[in-house]
Amino acid sequence: MAIVALKKLSFCGLQADKVRVLQQLQALGELHLIPFEAQTEGNAPGQSVADMMEALRFLNATGRKRHQAKSANDFDLQRIVGEVLQLKAELRNLHDRYDSLQKRIQELTPWGDFQLPETGLPGGQRLWFYIVPKRLMRRMPLCPYPWQAVFQDNLRCYVVVISAGEPAENELPVARTHTGSQSLSVLRQQSNDMAIALEDMQAKRESYTRWIALMTLHCHEILNQAELQRAQAATRDTAGVFVLQAWLPADRVEDYRALAARHDLALLVEEPSEQDNPPTLLRNPATLAGGEDLVGFYQMPAYQGWDPSAAVFFSFSLFFAMILSDAGYALVFAGLLLFKWRRLSKTGKGRRLRLLAAVAVTLSLLWGILCGSYFGAEPRPDSIWAQLRLFDLNDFDGMMRLTIAVGVLHLLSANLIGAWQNRHSPTALASVGWIALTGGGFSYWLDSLQPLPLLHTTGISLMVAGLSLLVLFSSPRALKTWRDGLWRVLDGLKSLIRISQLFGDVLSYMRLFALGLASASLALTFNRLAGQIMQQLPGTGLLFGILILLFGHGLNLALCLLSGMVHGLRLNFIEFYNWSVSDEGYPFKAFSKKESADG
């Protein structure tokens with residue numbers, strides 16, 4: 001659970017051996033290259049790779065796939081990619097035309113199947129079409145022209161007016177509707193022809209899926225070649241030699257010393273200097289590696305910082321459980337996870353995330369049991385599940401104290417980590433000051449709810465101590481003269497502005513209780529609604545009640561999942577990071593060959 005220590009490696013060898021050496025380093029796949037000059041777009045994979053990736057995504061999204069071709073004898077990559085992209089464009093265009101035609105047919109159906117005469121009606125008369133809301137039909141008798149309602153539904157009447165010229169706007173209650181010159185039967189025939197064409201194009205799309213495996217293989221080869229070209233551009237070449245710099249995990253240095261000796265390369269190994277900005281490589285046990293994916297999703301910590309993966313792993317799981325607050329919903333998520341368990345094992349990222357999901361679901365189940373909520377219903381008072389219930393979501397005061405206590409502990413741990421990170425600097429005492437101020441304020445607040453002399457005294461003492469430490473040690477300014485001391489105190493007073501931010505961050509954790517209560521209330525509402533329907537409508541009420549339960553709890557499950565993900569991450573990335581992770585880094589990207597989708 002730490003950020004991996006890195007060494008800076010500088011290789012120097014003959015320019016004639018550069019490509020061979022780079023290919024060897026790419027095969028090992030452990031170096032993060034340091035370009036001597038900024039990489040330009042010209043060093044990035046070309047449009048051909050982007051086209052190939054687009055074609056692969058299009059083919060992989062096909063529902064049915066053909067048996068994969070093994071021989072590359074008839075395989076022309078550029079031709080197939082071009083044909084697939086052209087097919088994609090044609091299919092999209094045809095889909096758009098088909099959807100537009102279906103909408104046109106739907107609009108024309110109420111008017112019936114008719115064909116307008118090419119020369120108009122006798123006497124130069126023409127037909128004009130209007131869709132009139134029923135509430136405005138009382139104005140139609142005022143129309144000075146012959147008219148007839150040819151169709152009506154619950155809301156509108158479809159009216160045809162006969163006139164030589166278009167009636168004025170004030171002569172009818174609505175603007176006229178354009179029906180077009182083609183009849184309904186013609187449009188339906190066009191729709192049928194387009195549907196057949198879409199089926200043919202879909203079959204053609206399926207026929208191209210036989211090349212997915214070969215396209216993927218060639219895609220990796222092209223990407224690897226592009227990476228190799230980018231690596232060649234990252235070296236400095238002069239006087240027949242090349243120099244390559246890279247970052248490497250410190251525990252792998254000896255293997256690269258041996259590699260340099262085998263290839264007759266000069267190798268210089270250095271510690272990162274203050275001017276360097278090394279990338280961040282996180283390394284955690286397999287059981288906690290899911291936290292790395294959460295951390296990388298938002299902000300990678302700086303190399304000189306600390307790894308929050310484990311802290312985010314457990315706090316996110318706990319927050320998700322408190323937002324869900326239902327053992328029944330937790331069992332549903334557990335079933336879904338078991339159903340997807342084997343599929344998630346196909347990639348490294350999937351294996352990491354499924355362990356994270358397993359911990360979150362387990363905590364959700366335990367918390368749901370402690371809250372005594374099972375699909376919004378409470379257990380019978382004489383059951384063992386009722387005996388296991390320790391918290392009541394309807395106890396607003398108690399749950400509010402609990403969630404604020406969770407927030408206080410989370411922010412205390414953040415500041416404790418900040419103090420440890422700055423342990424070699426006097427500013428570490430400022431983090432201790434925030435710890436004392438947070439703990440003292442919480443104790444004082446608890447005393448206001450239930451007066452206890454010890455809480456009152458402890459709260460006041462801790463707040464005074466915390467404010468003193470903040471004023472004296474928030475500034476890293478060295479004390480050389482009395483003016484430095486004065487500016488240091490002024491900097492400390494300025495830091496007290498963050499007290500309002502601390503107060504807001506602590507209150508932000510009340511969302512755990514609010515979202516948990518909302519989930520339980522919504523589940524209870526659907527249960528009551530279904531029960532009332534079943535009682536009032538014997539027979540059919542059972543069917544409607546079951547439908548209400550399925551729809552209601554399905555909707556609530558989706559909302560709980562969304563809330564748990566968004567707010568569970570937000571409390572870590574906003575409130576927790578704000579007090580513990582100061583600088584942002586960038587991820588370690590190994591110069592390696594792409595051989596599979598494992599990640």
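The values are calculated or read from the model by the stated rules, or taken from the named source; none is laboratory data. Computed from a prediction, not measured in an experiment: that's the story for all the values here. Glycine also receives a Cβ, built like all others from the backbone with ideal geometry; neighbour counts cover every protein chain displayed.
Confirm whether S431 is outside any loop (DSSP other than H, G, I, E, B), at negative phi, in the same structural domain as Q421 (by TED's automatic domain parsing) and within 42 Å of the chain's Cα centre (by Cα). It is true that S431 is outside any loop (DSSP other than H, G, I, E, B), at negative phi, in the same structural domain as Q421 (by TED's automatic domain parsing) and within 42 Å of the chain's Cα centre (by Cα). Condition check for R389 on (1) surrounded by fewer than 16 Cβ atoms within 10 Å (Cβ to Cβ); (2) part of a loop (DSSP other than H, G, I, E, B): one failure, at (1). Within the range 570-592, the set of residues being buried (at least 18 other Cβ atoms within 10 Å of the Cβ), of a type outside the set (G, A, S) and either out of contact with any helix residue (DSSP H, G or I) (no Cβ under 6 Å at 6 or more places or on another chain) or farther than 30 Å from L502 by Cα (or both) comprises Y577, V581, F588, F591.
If the Cβ limit is 6 Å and pairs must be 6+ apart or interchain, which residue in the range 377-404 that is touching a residue at least 12 places away in the same chain (Cβ under 8 Å) pairs with which residue that is in a loop (DSSP other than H, G, I, E, B) and surrounded by 11 or more Cβ atoms within 10 Å (Cβ to Cβ)? Close Cβ pairs satisfying both conditions: W385/P379; A386/P379; R389/G372; T403/Y509; T403/M510.
Being basic (K, R) and closer than 16 Å to W111 by Cα holds for only one residue in R139, R176, R135, and it is R176. Just one of the numbered conditions (1) part of a helix (DSSP H, G or I); (2) surrounded by 20 or more Cβ atoms within 10 Å (Cβ to Cβ); (3) touching a Lys or Arg at 6+ places or on another chain (Cβ under 9 Å) is not true of L337: (2).
Residue check: F58 meets all listed conditions (1) surrounded by fewer than 17 Cβ atoms within 10 Å (Cβ to Cβ); (2) modelled with pLDDT of 85 or more; (3) under 32 Å from the mean Cα position of the chain (by Cα); (4) not polar (S, T, N, Q) but one, namely (1). Go through the range 10-26 and give me each residue that's under 14 Å from D255 (Cα atoms) and within 36 Å of the chain's Cα centre (by Cα). Answer for the range 10-26, where residues must be under 14 Å from D255 (Cα atoms) and within 36 Å of the chain's Cα centre (by Cα): just L25.
Considering the conditions (1) farther than 30 Å from W420 by Cα; (2) under 19 Å from the mean Cα position of the chain (by Cα); (3) among the aliphatic types (A, V, I, L, M), L353 is excluded by exactly one of them, (1). Every condition in (1) in a helix (DSSP H, G or I); (2) touching a helix residue (DSSP H, G or I) at 6+ places or on another chain (Cβ under 6 Å); (3) farther than 19 Å from F576 by Cα is met by S448 except one, and the failing one is (2). Return yes or no: is R401 of a type in the set (D, E, K, R), crowded, with 19+ Cβ neighbours inside 10 Å and assigned to a helix (DSSP H, G or I)? No; evaluated as a whole, the condition is false for this residue. From the list V471, V464, the one residue that fits, being at negative phi and buried (at least 20 other Cβ atoms within 10 Å of the Cβ), is V471. Of everything in the range 247-288 that is touching an Asp or Glu at 6+ places or on another chain (Cβ under 9 Å) and within 16 Å of Q24 (Cβ to Cβ), the residue that is surrounded by the fewest Cβ atoms within 10 Å (Cβ to Cβ) is D264.
For every residue, the table says whether it meets (1) of a type in the set (D, E, K, R); (2) touching a residue at least 12 places away in the same chain (Cβ under 8 Å); (3) touching a helix residue (DSSP H, G or I) at 6+ places or on another chain (Cβ under 9 Å).
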| position | (1), (2), (3) |
| --- | --- |
| D76 | yes, no, no |
| E118 | yes, no, no |
| G124 | no, yes, no |
| R139 | yes, yes, no |
| C143 | no, yes, yes |
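Checked against (1) crowded, with 17+ Cβ neighbours inside 10 Å; (2) under 30 Å from L402 (Cβ atoms), R488 meets all criteria but (2).
Do we have any residue at all in the range 506-517 that's surrounded by 16 or more Cβ atoms within 10 Å (Cβ to Cβ) and touching a His at 6+ places or on another chain (Cβ under 6 Å)? The answer is yes, given that some residue of the range 506-517 is surrounded by 16 or more Cβ atoms within 10 Å (Cβ to Cβ) and touching a His at 6+ places or on another chain (Cβ under 6 Å). Would you call A246 of a type outside the set (D, E, K, R) and part of a helix (DSSP H, G or I)? Answer is no for this residue. In the range 299-309 there is at least one residue matching the filter, namely being closer than 28 Å to V406 by Cβ and assigned to a helix (DSSP H, G or I).
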